[in-house]
Amino acid sequence: MILHCVFLRLKAAMTNDEKQALFDAIVALKQVVPGIVDIKYGPNVSPEGLHGGFVDGFAVTFDSAEARDAYLVHPDHVVVGERIVSSTDGGLAGILVFDLKL
């Protein structure tokens, strides 16, 4: 299994409704991309203050590395990914991805 963690520096101008709509689109990928076991999202709640500006994020659990790789090129993920990039401060610089083998 793979835990695909994505940390975001969303634009300050985004409203809570816009954030929720973005995360709803991410969660909806579970219905169309094979191999997704679970998707969680939300704000960083660590008290350490070491977030580096990445205060929102989501994590996708995949049943295999192959499922994760198929997700990366899945057309629906590409569309949502473009939406994520356009929602972050600095585009790709506002996104940090970290994958763990479980």
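Quick notes on this structure:
- Lone unmet requirement of (1) in contact with a Gly (Cβ under 9 Å, 6 or more places away or on another chain); (2) surrounded by 13 or more Cβ atoms within 10 Å (Cβ to Cβ); (3) more than 20 Å from A12 (Cβ to Cβ) for E66: (2)
- Boolean, G57 is in a strand (DSSP E or B), within 13 Å of the chain's Cα centre (by Cα), under 25 Å from L102 (Cα atoms) and without any contact (Cβ under 8 Å) to a residue 60 or more places away in the chain: yes
- Scan of segment 66-102 for residues that are among the small types (G, A, S) and more than 26 Å from G53 (Cα to Cα), ordered by number: A67, A70
- Subset tally (residues that are of a type outside the set (A, V, I, L, M) and open to solvent by 80 Å² or more (accessible area, probe 1.4 Å)) for segment 31-60: 7
- Hits in segment 8-30 - residues which are touching a helix residue (DSSP H, G or I) at 6+ places or on another chain (Cβ under 9 Å) and either open to solvent by 80 Å² or more (accessible area, probe 1.4 Å) or aromatic (F, W, Y) (or both): K11, E18
- Of the criteria (1) on the phi < 0 side of the Ramachandran plot; (2) modelled with pLDDT under 95, which one K40 fails: (2)
- Members of segment 71-102 that are farther than 22 Å from M1 by Cα, touching a Leu at 6+ places or on another chain (Cβ under 8 Å) and either part of a helix (DSSP H, G or I) or at pLDDT below 95 (or both): V80, R83, I84, V85, S87, G94
- Inter-residue pairs, beta-carbon under 9 Å, first within 17 Å of I39 (Cα to Cα) and in segment 74-96, second open to solvent by 90 Å² or more (accessible area, probe 1.4 Å) and not hydrophobic (A, V, I, L, M, F, W, C), 6+ apart: H74/P34
- Test set (1) in contact with a strand residue (DSSP E or B) (Cβ under 9 Å, 6 or more places away or on another chain); (2) over 17 Å from F7 (Cβ atoms) - G52 fails condition number: (2)
The values are calculated or read from the model by the stated rules, or taken from the named source; none is laboratory data. Worth saying up front: this structure is predicted, and the values here are computed from it rather than measured. Note that each Cβ is placed from the backbone with ideal geometry, even for glycine, and that neighbours are counted across all protein chains shown. Note: accessible area is taken over every heavy atom of the protein model, side chains too, but ligands, DNA and RNA are not part of it. Shrake-Rupley method; radii C 1.70, N 1.55, O 1.52, S 1.80 Å.
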